[in-house]
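The values are calculated or read from the model by the stated rules, or taken from the named source; none is laboratory data. Small disclaimer: the values here were computed from a predicted structure and weren't measured. As a convention, Cβ positions derive from the backbone with ideal geometry for all residues, glycine included, and neighbour counts pool all protein chains shown.
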Amino acid sequence: MTRARTHRLALAITLIAVPGCALGFRGPLDESQKLGQTLRSENAQLRDQILALEGQNRDLSERAVDDARRLAAQDDAIKRLEHSVMAYQDERKKLESAYRRLTASLGTEVAKPGSSPAQ
């Protein structure tokens, strides 16, 4: 075979094979495009989910801050009430002590709770 004839034969085989190759890759190419579209669709859904979860996270964070403020206010109210009760108890003890001193200085007996007064 001559060199020119070999080139012509190679060219003929190439021209015949190229359209056949293109048809052979068409199926995998379509499949790849469908897969790419599916992945883009899934990415869009995941982005939507991320946005929804970020919104939920933001709402829950705000709620946690509000709850912490409310608990702090309740703690302050409880401390004020405890202080008020202790002050009331101290004042009651002082009044009881003053009453006992007064009755002792007058020479009368102090009536015990639940008993009738001394006559």
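General remarks:
- Residues of segment 74-111 satisfying the condition of being assigned to a helix (DSSP H, G or I) and of a type in the set (A, V, I, L, M): 77, 78, 81, 85, 86, 87, 95, 98, 102, 104, 106
- Taking first residues from segment 88-102 that are of a type outside the set (A, V, I, L, M) and partners that are at pLDDT below 95, the Cβ contacts under 8 Å between residues at least 6 apart in sequence or on separate chains come to 99/110; 100/110.
- Test: residue in segment 6-18 that is in a helix (DSSP H, G or I), surrounded by 10 or more Cβ atoms within 10 Å (Cβ to Cβ) and either charged (D, E, K, R) or at pLDDT 95 or above (or both): yes
- Exactly one residue out of 119, 33, 74 is out of contact with any helix residue (DSSP H, G or I) (no Cβ under 9 Å at 6 or more places or on another chain), modelled with pLDDT under 95 and surrounded by 10 or more Cβ atoms within 10 Å (Cβ to Cβ), and it is 33.
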